[in-house]
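Colleague: Quick one: the structure is below, questions incoming.
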Amino acid sequence: MKGARERVELESEIEVAGQDFRGAFGADVTRVEGREKVTGTARYAFEFPVPEAVYAWPVPSPFVKGRLTLIDPEAALATNGVLTVLWHTNAMRLQSQENPELYLLQEPTIAYRGQFVALVVADTLEAARHAADLVVVEADTRPHDVVLTDRHPGLYRPVKVNPTYQTDTAVGDFDGALATASIRVDETYHTPAEHNNPMEPHASIAWWEGDRLTVYDSTQYPTAVATSLAGLFGIEPDAVRVIAQHIGGGFGSKGGHPRPNVVLAAMAARHVGHPVKVALTRQHQFVNVGYRTPTIQRMRLGADAGGRLVAIGHDAISQSSELMEFAEQTAVITRWMYAGPHRRTTHRLVRLDVPSPAWMRAPGETPGSFALESAIDELAVAGGWDPVELRIRNDAEFEPEDGLRYSSRGLVACLREGAHRFGWAGRDPRPASNRQGDWLLGTGMAASTLPARAMPSTAIARAEPDGYFHVLINAVDIGTGARTALWQVAARELDVGLERVRISIGDSAIGPAMGAGGSLGTASWGWAVVKACRALCDRLRLEGGKVPEGGIEVRVDTANDVKGLQPYARYSFGAQFCQVRVDIDTGEIRVDRLLGVFAAGRIVNPLTARSQLIGAMTMGISMALFEEGAMDSRYGAYVNRDLATYHVAACADVRDVEAYLIEEEDTHLNPLGIKGLGELGIVGAAAAVANAVYHATGVRVRSLPIRLDDLLDRLDRVPPPPGPPPTGYGPPPAYGPDEQVPAGPGYPDGPDPTGYGPPEAGPAGPGPAERISTEPGPAGPGEGESKG
Ligand code: MOS
């Protein structure tokens, strides 16, 4: 047991914050580990001083596709300090092929450029890295296929999409309803490959004591790492210990399953009989740990004259690798976001000679929301409806596809609160109508949502004889503030001040628990912490309130509690409002302001919750304007593999991001009423930016990221600053749910207030009326069962 030193630190931390922390649940408590982090004493996986550790460095395949014919380690082995070189003919055999990405150095096949084909182990990091360059790799290569298209002959219908959603769904008569709708949108949206870039790259240290394996790993999910390593190395799960104390971000790339670094470290440690450290580089991180698949999404929306959606269709195409199937759930958001009687969603996949995609923040909902929320904006323009009111009009009372009741649904509250805070009322809906000097200003908005779930976890609570409590759970804090939130939850349940509670996380020795992913960490872990603390209080009562000499310890598991959840549709919701300015000469886009209002159940810690939302919204700006993995089809790989060439939003790109929370009481989730919000803020954010760019310029960009050259040749047609709106063209009417929505003055049927014609209609460009297709579109992926 750790002693008084830690308690002193906790107490001083309380003093610094200078608050009464009794009942601190719901308070802005600063991070319990904040001091360690800012003083550099918080240790990340690679930083633990492990005696006699040596270093391993992976060798990536220089070929895209083929079969290894030779690995020549001679030159590498001749390097000072090199201990061994491992590859498929001499590496130890792994026992599990469950995850092909982790079946490392076992087979001669090459599935994508950059796949690890050998590993050099040396006394120093430098020697290992240098020698890795000297390993000679030869292969019989074959032509590769790396480009995702919507006509790819290999498109097929996966059995399910992530994590366990139905691949396709259909309700009512989608085609019939679309054909007879008053207003239609039929457009295709593209999102590129996007790469997770947490600050701390993936790293591990592994060592063996007999058949017991211990690893420090930069992971979001120690329980899954322990289970996978046990399977791979053929040992019992409790013979593996995974420690993950501080994690410098993950965004999905350290979630779900282990990444190669930890398997390679454990394998090398087995071979050389030393602890082995492996740290991936930023370049590796663009290839070997997953990324967000590019998507091609066809949206078809049909509305009646009153602005009610009658037909909603979303057909999504994405890619996976030859090595494994990863089926992004791109279209599932459309299944629950808006009401409407006739609906269809489909997913098609193609396996290419590309790195395996994996989880990236709000997988599915993030690219899916760009398409859905852009299309809703296009529908608003086509119908002459205010986009906020159009969304309110189509709010769902029951989950549209299966009729489930929502446990709570805060979308309309978020829309109204957001519109109010942003100052949406009185917005002039005409595109390109607000020119200030060389800048075109515009506003746009979008809605956000994310499933609210919980997963089973175990937890331990102890009452110590000295009056302190110790709560232990194998949770992970990847920078979210989870450790602090759980500390607050424990103090509340024990009804003591925070200074009386110690919280320990990030160690698989504590017992199995959910990982940090799916925005369900705090909901899942918090549930187990509540249960453990309540069980401990019961025990204490039995003891007459006295803690016996050895203390009391209880251990709980929420598996049955989670199983007992009643069927409800559980989601968080939000609304985001954006103002952009676009330079009329250069096409430069600046996001002046992004404001989000979110309803995510009970908020344990508004300070850290808000930080997460602002971070997620920032990623949305990044997605809208910058991020793109550039595939070079000749070379067969994403070629921009560093932060100089793969752009992410930097400080100067992020000016004014505000996040507000509407507190919700939801009794159908978990004992805490927590919905989870880590990923909620990225959903819809890119669409809010794109919709604002449309409003600023009249140019609809349906392919991310929005580049200067998407706008540049269109902006010279934008008129000089217009006068005030003509009479009769005021702000859009607000209407209640039961009123008939007036058919508004949409372009180009309404009055043309500028006198210059619709901004998109240049001499050759299609006007908005043409963009609303009334023809059945080309055969989309929904038309055929399988193209494979
Ligand atoms: Mo996040 S992509 O759920 O780890």
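The values are calculated or read from the model by the stated rules, or taken from the named source; none is laboratory data. Here the structure is a predicted model, which is why all the values come from computation and not from measurement. Using ideal geometry, Cβ is built from the backbone for each residue, glycine included, and neighbour counts are taken over all protein chains shown. Heads up: the accessible areas ignore ligands, DNA and RNA and are worked out on the full protein's heavy atoms, side chains in. Shrake-Rupley method; radii C 1.70, N 1.55, O 1.52, S 1.80 Å.
Colleague: To the nearest 10 degrees, how steep is helix 521-542 against the longest Cα principal axis of the chain, on a 0 to 90 scale?
Modeller: On a 0 to 90 degree scale, this one is about 50.
Colleague: Along the positive direction of the dipole of the chain (beta-carbon charges: Lys, Arg +1; Asp, Glu -1; about the Cα centre), which of His152, Gln329, Ala491 reaches farthest?
Modeller: Positive-most Cα among the choices belongs to Ala491.
Colleague: Another question about this same structure. May I ask for the equivalent-ellipsoid semi-axes of segment 406-502, computed as the square root of five times each C-alpha gyration tensor eigenvalue and listed largest first in whole Å? Before the final figure, lay out the partial values.
Modeller: Values: eigenvalues 452, 52, 36 Å².
Semi-axes, largest first: 48, 16, 13 Å.
Colleague: With +1 on the Cβ of every Lys and Arg and -1 on the Cβ of every Asp and Glu, and nothing else charged, how large is the dipole of the chain about its Cα centre, in debye rounded to the nearest 20? Walk me through the numbers before you get to the answer.
Modeller: Working: 74 positive and 97 negative charges, 151 e Å.
The dipole magnitude comes to about 720 debye.
Colleague: OK, next. Count neighbours as other Cβ atoms within 10 Å of each site's Cβ, and list the trypsin sites (Lys or Arg not before Pro) in segment 72-160 that are DSSP loop with at most 12 such neighbours.
Modeller: On the way: sites: Arg93, Arg113, Arg129, Arg151, Lys160; in loops: Arg93, Arg113, Arg151.
Answer in residue order: Arg93, Arg151.
Colleague: Just to confirm the number: angle between the C-alpha axis of helix 4-17 and the first principal axis of the chain, 0 to 90 degrees, nearest 10?
Modeller: In the chain, helix 4-17 runs at an angle near 20 degrees to the longest axis.
Colleague: Which whole-number percentage describes the relative contact order of segment 389-443, with Cα contacts under 8 Å and a sequence gap of 6 or more? Don't skip to the end; give the middle numbers.
Modeller: Working: 22 pairs, mean separation 9.7, N = 55.
Over segment 389-443, the number comes to 18 percent.
Colleague: Compute the separation of the alpha-carbon centres of segment 190-250 and segment 52-77 and state it in Å as a whole number.
Modeller: About 22 Å separates the Cα centre of segment 190-250 from the one of segment 52-77.
Colleague: With every protein chain kept in the model, how would you rank Thr164, Thr345 by accessible area, 1.4 Å probe, largest at the top? Don't skip to the answer; put the middle values down first.
Modeller: Values: Thr164 110, Thr345 0 Å².
Heavy-atom accessible area, descending, gives Thr164, Thr345.
Colleague: Would you mind working out the magnitude of the charge dipole of segment 276-399 relative to its Cα centre, with +1 at each Lys and Arg C-beta and -1 at each Asp and Glu C-beta, to the nearest 20 Debye? Display every interim value, and only then the final one.
Modeller: Details: 14 positive and 15 negative charges, 79 e Å.
Charge dipole, segment 276-399, about its Cα centre: 380 debye, nearest 20.
Colleague: Order the following by accessible area, largest value first: Thr219, Thr109. Probe radius 1.4 Å; ligands, DNA and RNA are ignored. Let's see the in-between values first.
Modeller: Details: Thr219 5, Thr109 65 Å².
From most exposed to least exposed: Thr109, Thr219.
Colleague: Here is a follow-up. Please work out the C-alpha center-to-center distance from segment 351-402 to segment 520-566 and express it in whole Å.
Modeller: Cα centres, segment 351-402 to segment 520-566: 40 Å.
Colleague: Then there's this: Could you compute Rg(Cα) / (2.2 N^0.38 Å) for the chain, with N its residue count?
Modeller: Normalised by 2.2 N^0.38 Å, the Cα Rg of the chain equals 0.99.
Colleague: Another question, if that's okay. Of the lysine pairs in the chain, how many meet both conditions: Cα atoms under 30 Å apart, and a spacing of 8 or more in sequence or different chains?
Modeller: Close lysine pairs under the 30 Å cut-off: 25.
Colleague: Using only the alpha-carbon atoms, how far is helix 365-383 inclined from the longest principal axis of the chain? Give it as 0 to 90 degrees, nearest 10.
Modeller: 10 degrees
Colleague: May I ask you to order 460-471, 605-616 by the average number of other C-beta atoms within 10 Å around their residues, highest value first?
Modeller: On the way: 460-471: 18.9, 605-616: 21.8.
Descending mean neighbour count gives 605-616, 460-471.
Colleague: Over the chain, what is the relative contact order in percent, taking alpha-carbon pairs closer than 8 angstrom and at least six residues apart? Before the final figure, lay out the partial values.
Modeller: Working: 2021 pairs, mean separation 131.4, N = 788.
Relative contact order for the chain comes out at 17 percent.
Colleague: How much of Lys37 can a 1.4 Å solvent probe reach, expressed as accessible area in Å² and rounded to 10?
Modeller: 60 Å²
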